[in-house]
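Comments concern the structure below.
The values are calculated or read from the model by the stated rules, or taken from the named source; none is laboratory data. Bear in mind the structure is a predicted one, so any value in this text is a computation, not a measurement. Every residue, glycine among them, receives a Cβ derived from its backbone with ideal geometry; neighbour counts consider all protein chains shown. The accessibility values were calculated without ligands, DNA or RNA, using every heavy atom of the protein model including side chains. Shrake-Rupley method; radii C 1.70, N 1.55, O 1.52, S 1.80 Å.
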Amino acid sequence: MKAPLSASSSLLRGKGRLSPYLFTLIAFILFVAILYGQDFMCVFDEHLQSYSYSDKLSSTTQRVKQHKVPFAVGKTEEGCDIFSGSWVRDELNRPLYEESECPYIQPQLTCQEHGRPDKDYQHWRWQPHHCDLPKFNASLVLETLRGKRMMFVGDSLNRGQYVSFVCLLHKLIPEDEKSMETFDSLTVFTAKEYNATIEFYWAPFLLESNSDNAVIHRISDRIVRKGSINKHGKNWKGVDIVVFNTYLWWMTGLKMKVLLGSFDDEVKDIVELSTEEAYRMAMKSMLRWVRLNMDPKKTRVFFTSMSPSHGKSIDWGDEEGGNCYNETSLIDDPNYWGSDCRKSIMEVIGEVFSKSKVPITFLNITQLSSYRRDAHTSIYKKQWSPLTPEQLANPVSYADCVHWCLPGLQDTWNELLFAKLFYP
C-alpha cells in the first residue's frame, strides 16, 4: 500500500514538473508585482523619505535651538529653575569682590565704608534646588562684549545691578584701559581694549515722566506720559544686550497719573488710571520698542522683576514699627512674600509677556531677594541731607530698606543674568 502524499509533495506532479496550482499562484504573484510594483515602491520610498525628512527636520530644529539664541554657549539642564532655591552660607567663595576694590560703587551703597559693623550679608550664595548656577566668568563676558554695547535701563535699583556688573568685571582690565563717565541720564563704563561699553540709562518709568532728571527727581506727584517710549528709547538704539527694570516708582498709591498730551502743553490733559493699567501700558510700550528696534537674531533683552523692600517688620512676624534696621539674619519662611511686592503687578507682567512674541528673558529675582532683609544699606550709607536729632535718635526712621549693599545681593542677580545670557 502506497504512503499518502505529503502536503508539499501533493503540489508536485512527477519529477521536475510544477503542480498547476503552484504555477497559477506564482503567475498571480508575478502579475500583481508587475501591475502594482511601482506603486508599492513609491509608497515605500515615500515612507523612507518622510522618515528621513522628519529625522533631518528634528536634527535641524535641534541645531537651530542650540544656535538661535545670541551669545549662548550652552544650555541650562532640563528641569532646572535657577530662581527656585535657597541661600547657603559660603565663607570661601563670597564675596565675589571687596567693597574697597571697586571704585565705581556709589557712596549710597558702600555699607562698610559707612560703618556697618558686620559682613555676614556678604557671605551668602544662592543655590537652586535641582542644579547649580554656572560660575560667573568675567573673561567670557568681556570677550563676548568685544565691539558691543550692553545697557541697563531703569531706576536706581537697576543702577545698583549695573554697578555690581562692572565690579565683577573691572579687575581684568588694566587701569589705563577703563573709564566711567556720566552724561546726564547716561553713565558709560568703557573697556577700551575690548572696544566695549557697559552703560546705565536713568528712566525710572521707561516712559517719559516728570521724574526723568537723573539727579533731581524726588517728586511725590508723579506723572508719566502715554506713548512716550521713544523719548528715552532713542538713546537705547544700537545696544546688543539690554536689561530693563521698572517698579518702585510706580508705587505711589492705587492710582497713577497719565499725561495724554505733552509736558509742554499749557493745559495738560491728565487722566488717572489704576497702577496696574498704567504699568500694563508701560510694558506694552517697552515690548513694542523692542520689537521695532532689537534684532532677535543678534541681540538679547532681559527684564528684571521687582526688587522687594523690607519696610515693615510685621510682615515677617516681628513687632510692628520695625524695618530692616539691625537685621542681620535671613527670613527662613520659603513662602514669605512682603506687602511691598504687589502680586497684581507680577500678574500684569505675566499676562503681557505671555501674549507677546517678542523674545525677552525674565529675571525673576523677587522671591529670592525677599528672604534678604539683612542685605539692605539701612543706615550705613551717604545721606542725601543732614540727619536731624530726632532721626539720629531713631535709626528706624531713616533706614534705607530699598537699596542693597555692594558687594552683596545684587551680585547674585548678575550671576542669574550671566546664567540666562550664556546658558538659556
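Brief remarks follow.
- Counted by Cβ distance under 11 Å from PRO70, the other residues give a net charge of +3, where Lys and Arg count +1 and Asp and Glu count -1.
- Using a simple spin-label model with pseudo-atoms 7 Å out from Cα toward Cβ, ASP264 and SER139 lie 5.3 nm apart.
- Remark: the range 365-418 carries 32 Å² of accessible area per residue (probe radius 1.4 Å; ligands, DNA and RNA excluded).
- Between the range 192-244 and the range 299-332, the alpha-carbon center distance in angstrom: 25
- Gain on full stretching of the segment that runs from LYS357 to SER397 - 0.36 nm per residue minus C-alpha separation: 9.9 nm
- For the range 287-424, size of Cβ-based charge dipole, Lys and Arg +1, Asp and Glu -1, in debye: 1180
- Among residues other than VAL239 with Cβ under 13 Å from its Cβ, the summed charge is +3 (Lys and Arg +1, Asp and Glu -1).
- Distance between the 7 Å Cα→Cβ label points at LYS68 and GLU347: 3.2 nm.
- The range 151-293 - percent of accessible surface contributed by carbon and sulfur, probe 1.4 Å: 48
- Close amide H contacts of GLY85 (hydrogens built in the peptide plane, cut-off under 5 Å, sequence separation of 5 or more or a different chain): HIS129.
- Calculated from backbone phi, Karplus (6.51, -1.76, 1.60) coupling profile of the range 206-222 in Hz, x at Gly/Pro: 6, 6, 5, 8, 8, 10, 8, 5, 5, 10, 9, 9, 7, 10, 7, 8, 7
- Whichever lysines have a C-alpha closer than 21 Å to that of LYS255, once near sequence neighbours (fewer than 8 apart) are set aside: LYS226, LYS268, LYS284, LYS343
- For the range 97-168, the list of GluC sites (Glu not before Pro) that fall in a loop by DSSP and count at most 14 other C-beta atoms within 10 angstrom reads GLU98, GLU113.
- Cα centroids of the range 63-117 and the range 371-421: 17 Å apart.
- Mean accessible surface per residue for the range 243-348, computed with a 1.4 Å probe while every protein chain stays in place, in Å²: 51
- Averaged per residue, the range 126-196 has 44 square angstrom of accessible surface, using a 1.4 angstrom probe with ligands and nucleic acids left out.
- Karplus (6.51, -1.76, 1.60) ³J(HN,Hα), θ = phi - 60°, over the range 226-239, in Hz, Gly and Pro reported as x: 5, x, 10, 4, 6, 4, 9, x, 4, 8, 9, 4, x, 7
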